[in-house]
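A short worksheet on the structure shown next.
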Amino acid sequence: MSAIDKVNLATVEKMWRREVEAAATYRHLANRERDLRRKEILIRLAEQEEIKAEDQEVDAEVERLAGSSGEQAHQLRTLFGSPDGRAALARSLVTRKTMDRLAEIASRDGATIPEKKSRKKTAKVAAK
């Protein structure tokens with residue numbers, strides 16, 4: 001192979017790598033945009049359905065996580081005992097409950113969307 005061919009091959013290889021990197025970047029950006037749209041849809045559904053995480057639900061989730069963490073239970077309780085930790089856990093619970101609600105709606109063949117129910121009221125009725 002001549003020196004010119006080696007230079008041409010190196011140039012083509014650099015261009016190919018740039019194309020691959022650009023494609024990866026665009027895929028990443030498209031995934032981020034898709035994830036943001038999904039997040040917005042979940043937030044809207046949670047608001048519409050009045051899905052919330054009650055304090056006792058957050059407490060129960062902290063205990064569930066701590067119960068399965070062995071020696072690190074105290075650290076976990078401390079982490080999720082902070083306002084930021086509790087807020088993160090509450091968001092996680094709301095997301096989980098919203099996904100459950102979405103699955104419930106979808107399992108009804110999507111023919112009609114049932115009337116809005118308050119998760120708060122449902123939990124209180126179940127507790128009695």
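Which one of ALA60, ALA66, ALA23, ALA53 is in a helix (DSSP H, G or I) and surrounded by 13 or more Cβ atoms within 10 Å (Cβ to Cβ)?
Details: ALA60 fails: surrounded by 13 or more Cβ atoms within 10 Å (Cβ to Cβ); ALA23 fails: surrounded by 13 or more Cβ atoms within 10 Å (Cβ to Cβ); ALA53 fails: in a helix (DSSP H, G or I).
From the options ALA60, ALA66, ALA23, ALA53, the qualifying one is ALA66.
Annotation note: of ARG77, ARG17, ARG38, ARG32, the sole residue that is modelled with pLDDT of 85 or more, under 21 Å from LYS97 (Cα atoms) and in a helix (DSSP H, G or I) is ARG38.
The values are calculated or read from the model by the stated rules, or taken from the named source; none is laboratory data. Because the structure is predicted, anything quoted here is derived from the model rather than measured. Note: ideal-geometry Cβ built from the backbone for every residue, glycine included; neighbour counts use all protein chains shown.
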